[in-house]
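Notes follow once the structure below has been shown.
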Protein chains: 2
Amino acid sequence: MTSSPEVVQLSEVRASCTQCAWQTLCLPASLDGTNLERLDEVVRKRRPLRRGEVLYREGLRHAALFVVRSGTLKTSTTLADGDTQVLGFHLPGEIVGFDGLVDEPHHSTAEALEDSSVCEVPVARLAEIAAQIPLLQQQVYRIMGREFSREQMHAVMMGRRHAMARLALFLHGLSERRRACNHDPDSLHLSMSRQDVANYLGLVIETVSRLFSRLQSLGVLAVDRRAVRILDHAALAELAQGEEDSRATA
Amino acid sequence: MTSSPEVVQLSEVRASCTQCAWQTLCLPASLDGTNLERLDEVVRKRRPLRRGEVLYREGLRHAALFVVRSGTLKTSTTLADGDTQVLGFHLPGEIVGFDGLVDEPHHSTAEALEDSSVCEVPVARLAEIAAQIPLLQQQVYRIMGREFSREQMHAVMMGRRHAMARLALFLHGLSERRRACNHDPDSLHLSMSRQDVANYLGLVIETVSRLFSRLQSLGVLAVDRRAVRILDHAALAELAQGEEDSRATA
DNA sequence: CGACTAATTGAATGTCATCAAGAGCTGTGG
DNA sequence: CCACAGCTCTTGATGACATTCAATTAGTCG
């Protein structure tokens, strides 16, 4: 079971999509052998990103999509007054870059929250071969719809007027995304800082910190720094709906 | 200069895109005559929508995009607890339906806020001809990116922690969208209720009402029911940044 | 070990939600 | 034409909850 460096090279360069764990979530879904190879030719593997490294920056044109292979990305935008707003966190299998699809400069910046790796898909090349492979074209649309809905989920969270409901929805969403990847939906590793979570939810860091503490004392979560374990999904779901579960404080 | 009923008919049925006021914002941008005709064949004109009429409903599959030709649409989604969250307001030239692109059922419901009219673009047919017209394919991507960025702007608004900043951003955004259509950016006709505005911004109706009153007394707006005139763009911009312009209250 | 950052916790203020009442507009029918 | 009902919107008083300011603890890196 020893794998020589050449084999690794080969699989990385040639058969990236074929061997990728996220095939079913990503562009290649439902493509057969021949078409998969054609997609492979378009997809450019990128060097791994170091924690803190920026993938693309707002204001720059870079018409490409990026598939997260491992790690976590954070997208954010800068406001007129210099404040930043975190727009999203992106896990393996998810795709970023839709805000700079063609010509348009990006409105957001994407940064690695931990050491990560991504595939780069130049939009122009993708469009070319998608024009010849209807199933791929469909998959592109499907993924766009998926990411669009994810954006809307952000608005739903921010629309909740109780801070607890926002955090509960956030945690529930993360849990669901882990389930989608066949990972344990109860154990979350938050690769983002409390500050990032707070900003993402439209709160301040102290509030988020207090909420984590409260969830822990309620027995809903076990919190150890950025490692979070969900102990009571039902209670979390209730809190997500704004039910102030006051009886549990007794 | 009399136009017979037949001429109207003809222009409505055959030359919809050619004569549409929103050409430059919409799919046909940068298409020449021949290609424009091919697009015309795909686009289905729809009967006008009456105020309150639903264009599509969440949970249903309906793989089509809709271009707003006149009027205003509201998209919203229903939460687990039965509450609804308003996701967006859509003005002429803008496009809705991205959340139900392929196969997937819609996550949102689209409703006319006033008598409106839309063009329906079946995604499957659009994909077919876009595969043959690279410029159209590009334009599809461009528009998706645009609507994606609009979604993100919603998150930016909701992220502001002062109610005034949210409303100011909202009004500023509406103003900019009117400017983009060569309309007077100072006069807004809010076709949505205060309740809708409040929900969209994650506030309650009373707060929104108070804010409008305050903006009026500050001399920033002239508010007459749903007719709003922006008197002081600079002040509005300041308020959008969370600057509590307390000196103006003196 | 010491300096730095990240996160937690406490106390006080302020903003927004809630509850409640009233004003203004719209449409209907007598 | 006016009266009435129903709705949207406004305005006021109160209180809850999140922010702010401040200090402490925990964890990380040089």
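Remarks
- Sequence of B:LYS74, A:LYS45 when ordered by accessible area, the most exposed leading, probe 1.4 angstrom: A:LYS45, B:LYS74
- Annotation: amide H-H contacts under 5 Å for B:THR72 (H modelled 1.01 Å from N, sequence separation of 5 or more, or interchain): B:LEU113, B:GLU114.
- Angle between chain B longest axis and helix B:134-159 axis [Cα atoms, degrees, rounded to 10]: 20
- Measuring only protein heavy atoms, the 1.4 Å probe finds A:PHE89 accessible over about 10 Å².
- Region A:161-249: proportion of alpha-carbon pairs further apart than 22 angstrom, %: 18
- Where only alpha carbons of region B:104-227 are counted, the Rg and the Dmax (Å): 17.8, 56
- ³J(HN,Hα), Karplus 6.51/-1.76/1.60, whole Hz, each residue of region A:63-68, x for Gly, Pro: 6, 8, 9, 10, 9, 6
- Vicinal HN-Hα couplings computed from phi for region A:29-44 (Karplus, 6.51 cos²θ - 1.76 cosθ + 1.60; Hz; Gly/Pro x): 3, 6, 8, 8, x, 4, 5, 4, 5, 5, 5, 3, 5, 7, 6, 9
- Between copies, the label points at B:LEU79 (set 7 angstrom from Cα along Cα-to-Cβ) are spaced 2.1 nm, reported in nanometres from shortest to longest.
- Pairwise Cα separations in the protein assembly as shown fall into 20 Å bins from 0 onward with the following percentages, short to long: 21, 54, 23, 2, 0.
- Label geometry 7 Å along the beta-carbon vector: A:GLU104 inter-copy distances in nm: 1.7
- Estimated dipole of region A:5-156 in Debye, rounded to 20 [Cβ of Lys and Arg +1, of Asp and Glu -1, Cα centre]: 240
- Under a model in which nothing but the beta-carbon of Lys, Arg (+1) and Asp, Glu (-1) is charged, the protein assembly as shown shows a dipole of about 380 debye around its Cα centre.
- Based on DSSP H segments of at least four residues, each scored -39500 (n - 2.57), the protein assembly as shown has a per-residue ellipticity at 222 nm of -13000 deg cm²/dmol.
- Only protein heavy atoms count here; under a 1.4 Å probe, B:SER76 has an accessible surface of about 20 Å².
- Cα-based shape type of region B:159-210, given that a ≥ b ≥ c are square roots of the gyration tensor eigenvalues and the cut on a/c is 1.5: prolate
- Rg [Å, one decimal], Dmax [Å, integer] - chain B, C-alpha atoms: 19.7, 63
- When nucleic acids and ligands are ignored and a 1.4 Å probe is applied, B:VAL156 ends up with an accessible area of around 10 Å².
- Listed values for region A:160-170 are Karplus-derived 3J(HN,Hα) couplings in whole Hz (6.51 cos²θ - 1.76 cosθ + 1.60, θ = phi - 60°), namely 5, 8, 9, 4, 4, 5, 5, 5, 4, 4, 4, and x replaces Gly and Pro.
- For the options A:HIS189, A:HIS106, A:HIS154, a Gaussian network treatment of chain A with springs between C-alpha atoms closer than 10 Å singles out A:HIS189 as fluctuating the most.
- Near the amide H of A:LEU55, within less than 5 Å, lie the amide hydrogens of A:ALA110, A:GLU111, A:ALA112, all on another chain or at least 5 residues away, with H placed in the peptide plane.
- Scanning residues 5 or more positions from B:ALA64 or on other chains, those with amide H under 5 Å from its amide H are B:VAL123, with H placed 1.01 Å from N in the peptide plane.
- Centroid-to-centroid separation of region A:52-72 and region B:91-106 [C-alpha atoms, Å]: 25
- Shielding value for A:76-88 is 4, the average number of Cβ atoms from other chains within 10 Å of each residue's Cβ.
- With contacts taken as Cα pairs under 8 Å and at least 6 residues apart, chain B reaches a relative contact order of 17 percent.
- Approximating the spin labels as points 7 Å out from Cα along Cα→Cβ, the B:ARG225-to-A:ARG226 distance works out to 5.5 nm.
The values are calculated or read from the model by the stated rules, or taken from the named source; none is laboratory data. No experiment lies behind these values; they were computed from the predicted model shown. Positions of Cβ are backbone-derived with ideal geometry, glycine not excepted, and every protein chain shown enters the neighbour counts. All accessible areas refer to the heavy atoms of the entire protein, side chains included, with ligands and DNA or RNA removed. Shrake-Rupley method; radii C 1.70, N 1.55, O 1.52, S 1.80 Å.
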